[in-house]
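Contents: one structure, followed by commentary.
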Amino acid sequence: RGEGYIDVVISVFVLMMVIVLALNVFSFLATKQDMDYFAKEMIFTATAFGRTTVEVNARYAELEAETGISPVVSWQANYYAASARTVQYGDAISVTLTYQTTLKGFGAIPIPITLTAKHSGLSQRYWK
């Protein structure tokens, strides 16, 4: 007689775990989309100004407030002036964003997840 109740309880438990997993996957997709937007905006700013300093840092702060995430930023470029971090017209600038998060909803054991977004562009500024 009690078999049906046990089957229902196990089925509900499994269904709830699947829903939690689906919500986590959706959360990761939304965060990944925010990271891609973040990287595109950062590279747009860097290429427009031809450097990876003042304007890019200001845009980072704006995007951080807008998206609610604070990724680690890594730049790759052939700098025209390394001290000023300027990039000559037509040279490539690449940005890599890395964000650490955890898989939530599965008890006390956090499962770390690393999300990465990478974009590149060409400097649009000529430095003399």
The Cα radius of gyration of region 21-64, divided by 2.2 N^0.38 Å with N its residue count, comes to 1.44
Accessible-area order for 115, 63, largest to smallest, probe 1.4 angstrom, reads 115, 63
When the chain is treated as a Gaussian network with springs between alpha carbons less than 10 Å apart, the largest mean-square fluctuation among 43, 113, 93 is found at 113
With the 1.4 Å probe rolled over protein heavy atoms, region 1-40 has an accessible area per residue in Å² of 81 Å²
Ranked output for segments 22-30, 120-128 by mean other Cβ atoms within 10 Å, highest leading, reads 120-128, 22-30
accessible surface per residue for region 41-128, probe 1.4 Å, DNA/RNA/ligands not counted, whole Å² -> 58 Å²
Output ordering of 45-51, 71-77 (per-residue mean of other Cβ within 10 Å, highest first) is 45-51, 71-77
With Cα coordinates, the longest principal axis of the chain makes an angle with the long axis of helix 3-49, in degrees rounded to 10, of 10 degrees
The orientation-averaged projected area of the Cα convex hull of the chain, in nm², is 9.6 nm²
Counting only residues 5 or more apart in sequence or on a different chain, those whose built amide H sits under 5 Å from that of residue 103 are 111, 113
Under the helix-only model (-39500 (n - 2.57) for each DSSP H run of 4 or more, divided by the residues of the chain), the mean residue ellipticity at 222 nm, to 500 deg cm²/dmol, is -17000 deg cm²/dmol
Whole-percent carbon and sulfur contribution to the accessible surface of region 1-122 (1.4 Å, no ligands, DNA or RNA) stands at 64 percent
The extension gain from residue 14 to residue 72, computed as 0.36 nm times the residue separation minus the Cα-Cα distance, is 17.3 nm
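The values are calculated or read from the model by the stated rules, or taken from the named source; none is laboratory data. Just so you know, these numbers come straight off a predicted model, no measurement behind them. Cβ sites come from the backbone with ideal geometry, for glycine too, and all protein chains shown count toward neighbours. Remember, those area values only see protein heavy atoms, side chains included, never the ligands or the DNA or RNA. Shrake-Rupley method; radii C 1.70, N 1.55, O 1.52, S 1.80 Å.
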